[in-house]
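Enquirer: I have a structure here, written as structure tokens, and I will follow up with some questions on it.
What follows is calculated from the coordinates using simple rules that are stated; it is not laboratory data. As the structure is a computational prediction, the values presented were derived from the model and not from experiment. Neighbour counts are summed over all protein chains in view; Cβ atoms, including those assigned to glycine, are modelled from backbone coordinates with ideal geometry.
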Amino acid sequence: QVQLVESGGGLVQAGGSLRLSCAASRTISAFLAMGWFRQAPGKQREWVASINREGSTNYVDSAKGRFTISRDNAKNTLYLQMDRLEPEDTAVYLCNARTGVIAYSWGQGTQVTVSS
């Protein structure tokens, strides 16, 4: 079990950029995978991006070419670089870690608001 704290959200205009951070309470290098999800009011939680232990990344189609997931193992931190943001990206973004085969941890989320 690990504590995750997201930061970096805010209010930006369409076309702008944000970098989200997810700080973990302990080393992340051995996690099976980490990822970002988002949830807008009245919507289901949606997977956005993930990175596995080997460094392979995956993205939801709407984020491909705009978002980049990465991690810094030395800082125990996961990142999501978001470029060319659109109003449809507005949501609470949550960090997730798969800490074992059947074990998961979630952060509290950080708000991203993209204005027209």
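Enquirer: What longest region of the chain stays clear of trypsin sites (Lys or Arg not before Pro) that DSSP places outside H, G, I, E and B and that have at most 10 other Cβ atoms within 10 Å?
Expert: In short, 65-116.
Enquirer: Summarise the long-distance tail of P(r) for the chain by giving the % of C-alpha pairs beyond 19 Å.
Expert: More than 19 Å apart: 40 percent of the Cα pairs in the chain.
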